[in-house]
1. Only one of B:L23, B:L40 is more than 16 Å from ligand 1 (Cβ to nearest atom) and open to solvent by 50 Å² or more (accessible area, probe 1.4 Å); which?
2. Being touching a Phe, Trp or Tyr at 6+ places or on another chain (Cβ under 6 Å) and open to solvent by less than 40 Å² (accessible area, probe 1.4 Å) is true for just one of B:V62, B:V94. Which residue is that?
3. Only one of these is of a type in the set (A, V, I, L, M) and open to solvent by 10 Å² or more (accessible area, probe 1.4 Å): A:L254, A:L172, A:L271, A:L212. Name it.
4. Give me the residue from the stretch A:220-231 that is touching a residue at least 12 places away in the same chain (Cβ under 8 Å) and part of a loop (DSSP other than H, G, I, E, B) and, out of that set, nearest to the chain's Cα centre (by Cα).
5. How about the stretch A:197-219: which of its residues are under 17 Å from the mean Cα position of the chain (by Cα) and touching a residue at least 60 places away in the same chain (Cβ under 8 Å)?
6. Just to be sure I understand, how many residues within the stretch B:382-408 are under 30 Å from B:A446 (Cα atoms) and open to solvent by 30 Å² or more (accessible area, probe 1.4 Å)?
7. With respect to A:E78, is the statement that it is of a type in the set (D, E), farther than 19 Å from A:T109 by Cα and without any contact (Cβ under 8 Å) to a residue 40 or more places away in the chain true?
8. Restricting the search to the stretch B:60-88, which residues are touching a Ser or Thr at 6+ places or on another chain (Cβ under 8 Å) and within 16 Å of ligand 2 (Cβ to nearest atom)?
Amino acid sequence: MYKIVKKRLLIPGQTSMLQIHAPQIAAKARPGNFVMLRVHEQGERIPLTIADADPEGETITLVFLVVGKTTAHLNTLEQGDEIADVCGPLGRPTEIERKGTVVCVGGGTGVAAMHHIAKGHHRAGNRVIAIVGARSQDLLLFCDELESFCPEVRIATDDGSRGHQGFVTEVLQQLIDDGEDIAEVVAVGPVPMMRAVAGVTKPHGIKTTVSLNSIMVDGIGMCGACRCSVGGETRFACVDGPEFDGHEVDFDELWGRLGQFREQEAQSMELFHQCRCGGDQ
Amino acid sequence: MTRPQKTKKKILPRVAMPEQPALERACNFEEVTLGYTAELARQEAMRCLQCKRPLCRDGCPVEIDIKAFIGCLQEDDLDGAHAVIRDYNSLPAVCGRVCPQESQCEGKCVLSAKGEPVAIGRLERYVADAFAARQEADDPCTALTGAPVCASDKPLRVACVGGGPAGLSCAGHLAAQGARVTVFEALHEVGGVLVYGIPGFRLPKDVVRREVEAMRGLGVVFRTNWVGGCTFELSELFDQGFDAVFIGVGAGLPRFLNVPGENLLGVFSANEYLTRVNLGRANAFPAYDTPPPPTGRVVVVGGGNVAMDAARTALRLGAEKVTILYRRTEAEMPARVEEVHHAKAEGVEIHCLCSPVSFNGDQGQHLVSVSAQLMELGEPDESGRCRPVCLEGQVTEIPADTAIIAVGTQPNPVLLRATPDLPLNRWGYIEADPETGETALPNVFAGGDIVTGAATVISAMGAGRRAAKAILERFGS
Ligand SMILES: Cc1cc2nc3c(=O)[nH]c(=O)nc-3n(C[C@H](O)[C@H](O)[C@H](O)COP(=O)(O)OP(=O)(O)OC[C@H]3O[C@@H](n4cnc5c(N)ncnc54)[C@H](O)[C@@H]3O)c2cc1C
Ligand SMILES: Cc1cc2nc3c(=O)[nH]c(=O)nc-3n(C[C@H](O)[C@H](O)[C@H](O)COP(=O)(O)OP(=O)(O)OC[C@H]3O[C@@H](n4cnc5c(N)ncnc54)[C@H](O)[C@@H]3O)c2cc1C
Ligand code: SF4
Ligand code: SF4
Ligand code: FES
């Protein structure tokens, strides 16, 4: 069992942060790694990115968006509660080397994962420019943390409530147009965002790394559920990734595969709400 | 030949195994075969001739003294029979159920030349089940070894990485000799393919759990969610005071066919299909959260146990129609004969001599059909099996909503990538001494599918046992 040491609601009802006691994972976690987690005996194994790790405090930090049954259930847990299984750190860590300016783009909950990668680049001596996107100001995540080490944090909101009104890609395009010398762009977020970022950098030949969030079952290379096409070849996101060259990824295929179980997921969620409404309210 | 007096005796047919009726069982996940009763087991045991030179034993990869245990059964001595088996095999309830007996022990039994061999596997299962049923729950040591020796606190410490048959067998033998063993398993359940691959209707999960509990009773420590190469490195185990390490991480990475359309929605690896159901209990969705794979018209590609298990699982999930495509003929199928019979009786159709060339999808990227090339058998290849050759221009299209690919596996890369100094053979499996299992790294042993490629439960267990012996010898006990 893995104890929740701390819980923080980042966006009430929608996004939460958990600090979980997991000494072995904390000791090994590197930017880009994820865990497979199962909330309870009847639960599904789901992947969540390690947003931060504290080897001394023996904890890892996870940030998740409530999208379905498992994440909704996870969000009902409080400090002191336990999670049945947490397995990791999985996946290949981000390749980080000193190379100059790295632009890290994060959308929605992806900012949590992006923040860990950005920190890694910062520690390696790179100049990190962060671009953070959300629908509106109150849905922005990790801006303060990013500001603590990034010389520049640029913000884009759909409604213009803070920063640029529009998409993160427009901010990125602006940076490129301004002649910024960019060694690498890292994008973590919803599939359409990552696809759009790769689209912006491709004509300029800027190396672009994206973190794929395909459906995973075991997370250790035994099932092939997470397979995706990269450069025309089938790769397993859990063991070959989750980060890949954004210019080579078949995003349409990924998008389709993410929707494979939509009907069952809706059914699960429906039942979960019924139980909870019947029980608590 | 040497005993004419016996060959003259009429050989009785072998005692049939009680089973759930085919059509009934095709709709549930309960065990298909029900097991011999004491009376049936005795009757079957009486068929054994107690040969002077029992060939059956040569067919068993762990060389169980089959004649001796069946001899005990002929005398109604269940404890004796159990003690004999336990000397060689730490998971008899499993092997009795899943060994390909026809090509192992029973294939060598003298009776098989003249009629039906003694049902050695069924008898082994009977002994394990009957013994366990009688065993007091509070004395798991005897359940495992027949003799409680777990009080010893020898300092030998061994880590088994991977909790499949190979790792469990290694751990069981070492613990029975008093070693302190920790099993590190990546998934949340111990058992390897026995829990995530082989379905409950063939190997009930309780049987595996019972064996694991018995090992716990011997003092084996199980750490689940520990991934070698991620949560820990091999070298760290020695730093933590382990004297030896046994690697039994299996060959779990699924192969695909590399034909167009393989990533369409509705195309699964057999591992994903089976793992969702066996490990995730997707058959009990929505009580369990893992979504079940889709059903409809299901096409399964392959001819091994994995293909049979996937096909029969699909039936039980409610598939309209299940068709297996295999590129050779039924005679060459690597699956256990019993599984092929069971699958057919339950309504699975088998199309031999055909192999998929593409998976075809609709606008929404969903599978609608499988195109398969028809084949014929040509000259034998290196493995001695006839090589399938394409019949030029003969391709059929089979409508399908779901396709399951069961064409084999490759070594799991996680631990191997993290341990680059561990030498591999040219197929990417770990290079290990066939006698002892020792690898090129000192005091690191390996066995099971990660050394041989996908094989059998009993051969993995044999490897685990040999390594355990070698470790005990090295560390002097
Ligand atoms: C490597 C990786 C890292 C991730 N990191 C984070 C993170 O840090 N924070 C976060 O909020 N989300 C993250 N995700 C996505 C997260 O795994 C899904 O949101 C979660 O599984 C949804 O489960 P659910 O039961 O709540 O929703 P469901 O109703 O089951 O599913 C909602 C949607 O989530 C996706 N999904 C469902 N099951 C899985 C699964 N087993 N594996 C992957 N995706 C699935 C599907 O697209 C589905 O349509 C990550 C995914 C991957 C692959
Ligand atoms: C569906 C199916 C049906 C089969 N049917 C039969 C049958 O009827 N009869 C028969 O004899 N054989 C059968 N087999 C084959 C048989 O199951 C295998 O040969 C046998 O299980 C191999 O044992 P193993 O211990 O080497 O590996 P596995 O059983 O694969 O166990 C390996 C274990 O190691 C764990 N692991 C992997 N990587 C790591 C890591 N890095 N760190 C920690 N743990 C790790 C895995 O999670 C797993 O639990 C079948 C196989 C399948 C897939
Ligand atoms: S372990 Fe397998 S091969 Fe050996 S006797 Fe038992 S069933 Fe036969
Ligand atoms: S099982 Fe068969 S080969 Fe073995 S002793 Fe009995 S009759 Fe002989
Ligand atoms: S999640 Fe199973 S192989 Fe990647």
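The values are calculated or read from the model by the stated rules, or taken from the named source; none is laboratory data. Note that this is a predicted model, so its numbers are computed, not measured. Note that each Cβ is placed from the backbone with ideal geometry, even for glycine, and that neighbours are counted across all protein chains shown. Surface areas here come from the heavy atoms of the whole protein model, side chains and all, with no ligands, DNA or RNA. Shrake-Rupley method; radii C 1.70, N 1.55, O 1.52, S 1.80 Å.
1. Working: B:L40 fails: open to solvent by 50 Å² or more (accessible area, probe 1.4 Å).
Only one candidate passes the filter, namely B:L23.
2. That would be B:V62, the only listed residue that is touching a Phe, Trp or Tyr at 6+ places or on another chain (Cβ under 6 Å) and open to solvent by less than 40 Å² (accessible area, probe 1.4 Å).
3. Going through A:L254, A:L172, A:L271, A:L212 in turn, the sole match is A:L271.
4. At the first step, the residues of the stretch A:220-231 found to be touching a residue at least 12 places away in the same chain (Cβ under 8 Å) are A:220-221, A:224, A:226-231.
Imposing the further condition that a residue be part of a loop (DSSP other than H, G, I, E, B) reduces the set to A:220-221, A:224, A:226, A:231.
Numbers: A:I220: 18, A:G221: 20, A:G224: 21, A:C226: 16, A:G231: 22 Å.
My answer is A:C226.
5. Passing the criteria: A:V197, A:T209, A:S211, A:N213, A:M216, A:G219.
6. Total satisfying the criteria: 6.
7. On the way: of a type in the set (D, E): yes; farther than 19 Å from A:T109 by Cα: yes; without any contact (Cβ under 8 Å) to a residue 40 or more places away in the chain: no.
The answer is no for A:E78.
8. Residue satisfying the conditions is B:P61 alone.
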